[in-house]
1. Of the residues that make up the range 85-94, is at least one in contact with a helix residue (DSSP H, G or I) (Cβ under 7 Å, 6 or more places away or on another chain) and not aromatic (Phe, Trp, Tyr)?
2. Among the residues of the range 94-102, is there at least one that is touching a Phe, Trp or Tyr at 6+ places or on another chain (Cβ under 9 Å), closer than 30 Å to residue 192 by Cβ and part of a strand (DSSP E or B)?
3. Looking at 208, 203, which is the one that is touching a residue at least 24 places away in the same chain (Cβ under 8 Å), in contact with a Lys or Arg (Cβ under 8 Å, 6 or more places away or on another chain) and in the same structural domain as residue 84 (by TED's automatic domain parsing)?
4. Taking residue 265 and the conditions (1) farther than 30 Å from residue 218 by Cα; (2) surrounded by 15 or more Cβ atoms within 10 Å (Cβ to Cβ), which numbered condition does it fall short on, given that it satisfies the others?
5. In the set 223, 195, which member is assigned by TED's automatic domain parsing to the domain that holds residue 240 and in contact (Cβ under 8 Å) with a residue 12 or more places away in the chain?
6. Name the residues in the range 335-354 that are buried (at least 16 other Cβ atoms within 10 Å of the Cβ) and farther than 15 Å from residue 42 by Cα, would you?
7. Consider only pairs whose beta carbons are under 6 Å apart and that are at least six residues apart or on different chains; among these, list those whose first residue lies in the range 139-168 and is modelled with pLDDT under 90 and whose second residue is in a loop (DSSP other than H, G, I, E, B) and of a type in the set (D, E, K, R).
8. Filter the range 328-368 down to residues that are assigned to a strand (DSSP E or B) and in contact with a helix residue (DSSP H, G or I) (Cβ under 8 Å, 6 or more places away or on another chain) and give me whichever is farthest from residue 38 (Cα to Cα).
Amino acid sequence: MKRFFMLVTALLALSALSCSNKIEPGTEKPARPVIRGVQLQTVKISPVMDFYETTGTVKAKNTAYVASKIMGEVERIYVKEGDTVKAGDLLLRIKSPDIAAKVAQARQALEEARRALTMAEERKVLMEKTFRRYENLHKEKAITEQEFDEIKTKRDIAELEFERAENAVKRAAAALKEAQAFSGYALIAAPINGVVAKKLIDTGSMATPGTPLFIIEEPRYRVEVAVDESLEGVVKKGMTIPVEIKNMGLSTEGRVSEIVQQVDPVTRTFIVKIDIAVKRTLKGGLFARVKVPLGEKKRLLVPEDAIIRKGEVRAVYVVDDKGVVKMRLVRTGKEVDGSVEILSGLSEGETIVVKGLGNVIDGGVIEG
């Protein structure tokens, strides 16, 4: 701003200096330079669409953080960043010799438990037959009460041993299943269809439980922006909003899918989520610019080519009713489709030079 006022002061001083040159009595006033090869235009107020511009971040609508459930050295990685994967595709294998040993031990324990169950079942069947025979002998008073009680006890013990053997088989089977599950944890697969956005580990590194190894993004995106609280009620769900992702050379339209009602007490803004439909793969975290339409407003516009730029100073050449051209300082606003908004310094109905500015001499007169 300080530079602006210094430049303005310099221009005014030059103007005053040029006006101070007096014409002596009897001396003819010099003719004004004639200006040719320019195009003029009358300044007018035009209705234009007004926008609230803000910036935001591209985010995937669904992001999966893939982590290991076991600790181990990464033996092999099957994907790289940018690869497209489907749910179930193998991403990584962890070296797990201890787990393999545990699976073998659990399998052996199950086999032993099954053999013990077979033996217990055979003994149970044998003792049941023996008990039935002794029961008949007992009825015929061919054996003593003590002998009958002893065989009955042996029958009961055989049944208990069979139940224990059955339970042992169940426990061994569960242990094998658990060991096999841990063995499966050594193979890391994609949980969703998407794109490998980030690979966070290398072959030979140590994977630890809960630490992300990959970030997979579903290729459906939205832009999240912070909007000033003054626009609450202006931005509505389903509203169409222009979106520009400059780094990708992408301009598209999005649709408001969600409005977070809570206002940030520090920034005095609220979050708006805008779904965008694109046929190309994006990346979460990209910078995006959005323009929230606010409706039509009347603005004083001039062609962009009519603006004289000298540092931070902006000016135009104004033509009076006698065709005399004078440079005039103006304050500019937004640029709108090749035109520039004039905030002050010009009025509707005035005439300005819009083409051929290089042919203009300040104080000259338009030919014709």
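1. No, the range 85-94 contains no residue that is in contact with a helix residue (DSSP H, G or I) (Cβ under 7 Å, 6 or more places away or on another chain) and not aromatic (Phe, Trp, Tyr).
2. Checked against the condition, which is being touching a Phe, Trp or Tyr at 6+ places or on another chain (Cβ under 9 Å), closer than 30 Å to residue 192 by Cβ and part of a strand (DSSP E or B), the range 94-102 yields at least one hit.
3. Being touching a residue at least 24 places away in the same chain (Cβ under 8 Å), in contact with a Lys or Arg (Cβ under 8 Å, 6 or more places away or on another chain) and in the same structural domain as residue 84 (by TED's automatic domain parsing) holds for just one of 208, 203, which is 203.
4. Unmet condition: (2).
5. 223
6. 336
7. none
8. 335
The values are calculated or read from the model by the stated rules, or taken from the named source; none is laboratory data. Computed from a prediction, not measured in an experiment: that's the story for all the values here. Here Cβ is always computed from backbone atoms with ideal geometry, including for glycine, and neighbour counts include all displayed protein chains.
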